[in-house]
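Undergrad: Have a look at the structure that comes next, please.
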Amino acid sequence: MSAGEVLPDQIKLGEGHTMTFLRNEPFLTRIHVAADAEAFAAPPHWHDTHAEIFRVIKGQVEYTIGGVTKVYTPSDGEILVPRKTTHTFTTFKGVETIFEERTTPKDDDKELFFRNAFADGFPKNPFKMFPAFYRGDAFLALPGDFRWLEKFLLFILGGIIAPLLGYRTKYDSLKKV
């Protein structure tokens, strides 16, 4: 991040999908999916150094955590996704949904990942996202939980091939220089 650059509190993840970085609660993100938007989903992934905690504020979100699928609503409170546990989620078309996520330990890795992954809008080419995955703490999960293979593929795709094709992260850090 360059000196004097002010980052917006909200980024667009897609049509009708936004993520807000809540400044009153550092390291907390709020995802909003409008009722008229398509469902918003994350592919199966896991985090090597962070656990994730989410809470549905409005609507419902279907999470699969460690192979167990459940639809969560505001009455479920905070849900822990342990580190190194494969998880994925999807919202439902036609249902306005708001949910929050944070990591433990708390740091700016999640914000940095999303700012890099969606720096120029929704990535239409997966190679644009691989450098953000490579620099962050998120690994795409393959069937069978072959962690060494998932790390190796991300190194090849995000650390070598994507940069050779000209895809790089926009931000190295969120700290002002």
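The values are calculated or read from the model by the stated rules, or taken from the named source; none is laboratory data. None of the values given here were measured: they were computed from a predicted structure. FYI the Cβ positions are ideal-geometry reconstructions off the backbone, even for glycines, and counts take in every protein chain you see. Protein only, heavy atoms only, side chains kept; ligands, DNA and RNA dropped before computing areas. Shrake-Rupley method; radii C 1.70, N 1.55, O 1.52, S 1.80 Å.
Undergrad: What's the total number of residues in the stretch 18-35 that are within 20 Å of PRO105 (Cα to Cα), of a type in the set (Ser, Thr, Tyr) and open to solvent by 20 Å² or more (accessible area, probe 1.4 Å)?
TA: Number of matching residues: 1.
Undergrad: For the stretch 133-149, state whether one or more residues are out of contact with any helix residue (DSSP H, G or I) (no Cβ under 6 Å at 6 or more places or on another chain), part of a helix (DSSP H, G or I), hydrophobic (A, V, I, L, M, F, W, C) and farther than 23 Å from ILE57 by Cα.
TA: Yes: one or more hits.
Undergrad: Restricting the first residue to the stretch 42-60 and requiring it to be of a type in the set (Val, Ile, Thr), which pairs with a second residue that is assigned to a loop (DSSP other than H, G, I, E, B) meet a Cβ separation below 6 Å and a spacing of at least six or different chains?
TA: THR49/ASP137; VAL56/THR73
Undergrad: Filter the stretch 49-70 down to the residues that are within 15 Å of the chain's Cα centre (by Cα) and among the charged types (D, E, K, R), then identify the one that is most open to solvent (accessible area, probe 1.4 Å).
TA: ARG55
Undergrad: Mind telling me which of the residues ALA138, ALA117 ends up being open to solvent by less than 40 Å² (accessible area, probe 1.4 Å), modelled with pLDDT under 90 and of a type in the set (Gly, Ala, Ser)?
TA: Testing whether each residue is open to solvent by less than 40 Å² (accessible area, probe 1.4 Å), modelled with pLDDT under 90 and of a type in the set (Gly, Ala, Ser) leaves just ALA117.
Undergrad: Kindly indicate whether any position in the stretch 97-106 is part of a loop (DSSP other than H, G, I, E, B) and either in contact with a Phe, Trp or Tyr (Cβ under 8 Å, 6 or more places away or on another chain) or buried (at least 16 other Cβ atoms within 10 Å of the Cβ) (or both).
TA: There is at least one residue in the stretch 97-106 that is part of a loop (DSSP other than H, G, I, E, B) and either in contact with a Phe, Trp or Tyr (Cβ under 8 Å, 6 or more places away or on another chain) or buried (at least 16 other Cβ atoms within 10 Å of the Cβ) (or both).
Undergrad: On the phi < 0 side of the Ramachandran plot and touching a strand residue (DSSP E or B) at 6+ places or on another chain (Cβ under 6 Å): which single residue out of PHE92, PHE99, PHE27 fits that description?
TA: On the way: PHE92 fails: touching a strand residue (DSSP E or B) at 6+ places or on another chain (Cβ under 6 Å); PHE27 fails: on the phi < 0 side of the Ramachandran plot.
After applying the criteria, what remains is PHE99.
Undergrad: Moving on to the next point. Within the set of pairs 6 or more residues apart or between chains, which connect a residue that is under 18 Å from HIS32 (Cβ atoms) inside the stretch 76-91 to a residue that is part of a strand (DSSP E or B) and open to solvent by 30 Å² or more (accessible area, probe 1.4 Å) with Cβ atoms less than 7 Å apart?
TA: Note: pairs meeting the criteria are PHE89/ALA41; PHE89/GLU62; THR90/ALA41; THR90/GLU62.
Undergrad: Just need a number here: residues in the stretch 26-78 that are more than 30 Å from TRP148 (Cβ to Cβ) and part of a strand (DSSP E or B).
TA: Residues that pass the stated criteria total 13.
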